[in-house]
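Worksheet for the structure shown next.
Taken together, the values in this text are just the output of simple stated rules run on the coordinates, not laboratory data. As the structure is a computational prediction, the values presented were derived from the model and not from experiment.
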Amino acid sequence: MSESMPTTPDAVRQTAAAADNRRRRKARPATNQWRRRGLMTAYIVFVLLPIYWLLNMSFQSNTEILGELTLWPENFTVEHYAKILTQSSWYMGYLNSIAYVVMNMLISIAVALPAAYAFSRYKFIGDKHLFFWLLTNLMAPPAVFLLPYFQLYYTVGLFDTHVAVALAHCLFNIPLAIWILEGFMSGVPKEIDETAFIDGYSFPKFFVKIFIPMISSGIGVTLFFLFMFSWVELLLASTLTSTDAQPIASVMTQTKGASGIDWGVLAAAGTLTILPGIVVVYFVRNHIAKGFALGRT
Amino acid sequence: MNKVYNNRAWWLILPMLILVAFSAVIPLMTVVNYSVQDVFDANTRFFTGTEWFKEMLNDPTLHAALARQFAFSLTVLAIEVPLGIGIALIMPKKGWQASAILILVTMPLLIPWNVVGSIWQIFTRGDIGLMGWGLRELGYGYNITASPVDAWATIILMDVWHWTPLIALLCYSGLRSIPDAYYQAARIDRASKWAVFRYIQLPKLTNVLVIGVLLRFMHSFMIYAEPFVLTGGGPGSSTTFLSQSLTTMAIGQQDLGPSAAFSLIYFLIILLVTWVFYTAIMNMQKDDNNKEA
């Protein structure tokens, strides 16, 4: 009985929407759709090809890599991965990287939450200048700070610790976190704060019990970005460490031996650095786009 | 949003301020300190005033690096912004394809920067890389260690691969915030595709595009690890950008004074650009507020 007239308002709306969809499909020629898909596929291939090549190489033995060029691993081997996962100098690199990234995420979000709240809710002396100053730190090239950082952390005895890297990454991660969080917080109506205070909530209780749950997706996205920028930054991380807290990036330079570069291990190590990112991005996939816009769309 | 004037908000800022100041102000002061002195060892140092700044501002290698830096930053912006907008326009909006493509597109952004360099090093090598090998098979004598043109093209291609996703994701989120009603109105008016883009989509994108251009400009302006791994700044110094010249000078040659002066000049350029963008963003927000009011 699909042709009978709809009776309820909902049904009317549905029928109208269905008709609209039919019209739209007719209006847009099929070739157009296919061109769209073709272009998208071409771009995805462009993105994936270098990564595929890395993956391909990580599963080949070194003799196969240096021999005839093969488009897929003909003698499939996991020897490079086995090497990385069994030698402590290799897997400690990953653990060190993860350790300082997590530390940095916790420190940054803890101090950025109240600061972002202040920026989104209050005017105070010097607020605009402070915000601009934060922004300049986001832009500060790590190369500028390389030498002073080295000396500073050496003097205070933090050199070659995870804390040193975590603190150094705060330089750009805290401003970034404040920027993103401020965007999300400004989306929460102020009446909520006022109602809570009238209801007798103290500020800390309101902040933890009411406010933070309201912007939880914003916090998730912020954490993702903190992870991302701390994970990909290596210039500071490798300068501030030598042996105990060496990040995976510096470990990877070990592949340059006397007999040339150990391509297989380099490829396998590279592949393994991509994995944490993919895991994290999977969890925030529905919010990334908004986060990239720093909550401002 | 109407903000309340309350100076007690400083207490909320304070922890952040201490941490960032520790990471930003103290090191910057060290740089300033070095830039006006000639340091021989821990105990011997001379005050030189602005001498290092004069020397650096007249240094031809610095000029060359700066020119290359601007050329690079502007080139990648000119390619990545239109390409990113284009990709955002053809990305599917719903269904599992949307999620899958979102994850795939984001992937290059999450790879550590030196690994990006390694990936492209492997990909473009003439003997073991698909692209290097393929171009040679096609009859082009592709060689990034000998030809500056090849090296430049490869670095730009690498940067496009690495960072176009950022612009694409920004624009994607901008496009998603356009209400369906706008498109319906455009359909009723029989607006052409170009008109829809020019008068509906592009205005909505300006906000995110300013952020995107800002982020892209500053990241490209401090690019270090990727070209360092891929070409090592060569052939010659044809792909040596500012960060790399600076690190060579500071760490490699231990010229503390000149490199500190160099750092400050570098930082001032970035500051200037940031200020321009900041003013643009603030004006945009003011406009938005006025519209709402």
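Overall size of segment B:140-293 from C-alpha positions, given as principal axis extents largest first: 65, 45, 17 Å. Note on chain B: with a GNM built from Cα contacts shorter than 10 Å, the maximum mean-square fluctuation among B:TRP133, B:TRP194, B:TRP11 falls on B:TRP11. Remark: relative contact order (chain A) = 28 percent; criterion is Cα-Cα distance under 8 angstrom and separation of 6 or more residues. Seen from every direction in turn and averaged, the convex hull around the alpha carbons of segment A:57-213 projects onto 15.5 nm². Taking Cα centroids, how far is segment B:67-93 from segment A:251-284 in Å? Answer, in whole Å: 27. Convex hull volume of the Cα atoms of chain B, normalised per residue: 207 Å³. Note on segment A:67-132: percent of Cα-Cα distances in each 10 Å bin, starting at 0 and stopping at the bin with the largest distance, equals 15, 22, 18, 16, 14, 12, 3. Over the Cα atoms of the protein assembly as shown, the radius of gyration divided by the Kirkwood radius equals 0.99; this is the Rg/Rh ratio.
Seen from all directions on average, chain A presents a Cα convex hull projection of 26.3 nm².
What is the distance in Å between the Cα centroid of segment A:56-98 and that of segment A:120-141? Taking the Cα centre of each part, segment A:56-98 and segment A:120-141 sit 45 Å apart. Take every Cα pair under 8 Å whose residues are at least 6 apart in sequence, average their separation, divide by the length of chain B, and the relative contact order is 27 percent. By the Cα gyration tensor, segment B:85-207 has an equivalent ellipsoid whose semi-axes, rounded to whole angstrom, run 38, 16, 13 from largest to smallest. A P(r) calculated from all alpha carbon pairs of segment A:149-251, with 5 Å bins opening at zero, reads 2, 12, 18, 15, 12, 11, 9, 9, 6, 4, 1, 0 percent. If you wrap the Cα atoms of segment A:211-285 in a convex hull and average its projected area over all directions, you get 6.7 nm².
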